[in-house]
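Structure, as structure tokens:
The values are calculated or read from the model by the stated rules, or taken from the named source; none is laboratory data. For clarity, every value in this text was computed on a predicted model and none was experimentally measured. Cβ coordinates were reconstructed from backbone atoms using ideal geometry, including for glycine residues, and neighbour counts include every protein chain displayed. Note: areas computed on protein heavy atoms with side chains; ligands, DNA, RNA excluded. Shrake-Rupley method; radii C 1.70, N 1.55, O 1.52, S 1.80 Å.
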Amino acid sequence: MEITTLALDGPQPDIPALCARVGEACRDGPPRQLVCDASRAGRPTLATVEALARMALTARSHRTPFTVTGAPPALRALLDLVGLVELLGEPEQREPAGGVQEGVQPDDPPL
């Protein structure tokens, strides 16, 4: 599996440049997976989250899977807060993992 890795540096990323890099990586024969290393992102801001979201959308428009690795706890918390925790490649905490079915007790009242 071919994996292309891009780095996210600093809390105020250049979003158009990052999206252009994602587009270039996908145009040269789409990689099987595109990974963004966020370990050097510094203290994350909403601009960091926006950059990751736009990179993910660009990759999706090229039908290329996109995940974030190396996210520090503060960035993980922000992604969870805005509903983008799936970018980390992990199931959301509020939802059961794939293949798990919730049970219902016979005496539970209907909703």
With the 1.4 Å probe rolled over protein heavy atoms, segment 1-67 has an accessible area per residue in Å² of 57
Site S39, offset 7 angstrom along Cα→Cβ, radius 19 Å on amide nitrogen, limited to segment 1-20, gives 3-11
